[in-house]
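The next block holds one structure in the form of structure tokens; read it before the comments.
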Amino acid sequence: MNRRSALSCVFALAKTAFVASCSLASEQAAKAVTRITGPRWNVNGDWTPSFEAIQSHLLTAHGINPAGLGLEEMLTLHDNDHNRRGHQHGHGGKPSPKGHTKGYRKV
């Protein structure tokens, strides 16, 4: 192997490693969860659920796979899901009647 082809191989390896690290960084950045505007939601009446409780709730009640997320990210994802689709009684039932000002239930 001559010097030119050896340098080409080294350059190709460096380029491959750089592209792979950029790809991994973009995947991690895309995975970050940003809170949208709206109220906070409890998890089955619990305002401070455990890691396992929120993980299970997201999987079973929301159909969201929270693999690789931390507790705060999962809580944010939970709030965002409720705030995007509105409150659903019993996760999938009829929407609760809401007042015209703040979304409180009509009495």
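What follows draws every value from the coordinates through simple rules; no lab data is involved. Predicted, not measured: the structure shown is a model, and the values here were computed from it. Here the Cβ is made from the backbone with ideal geometry for all residues, glycine too, and neighbour counts use every protein chain on show.
Taking the Cβ of each residue in Arg84, Arg35 as the centre, tally the other Cβ atoms inside 10 Å and list the residues starting with the fewest. Write down the numbers at each step before the final one.
Working: Arg84 9, Arg35 14.
So the ranking, lowest neighbour count to highest, is Arg84, Arg35.
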Taking every other residue with Cβ under 10 Å from the Cβ of Asp79 and scoring Lys and Arg +1, Asp and Glu -1, one gets +2
Length gained, Glu52-Leu7, 0.36 nm per residue minus C-alpha separation, equals 11.1 nm
Lys and Arg at +1, Asp and Glu at -1: neighbours of Pro49 with Cβ under 14 Å from its Cβ sum to -4
Subtracting the Cα-Cα distance of Ile36 and Thr60 from 0.36 nm times their residue separation yields 6.4 nm
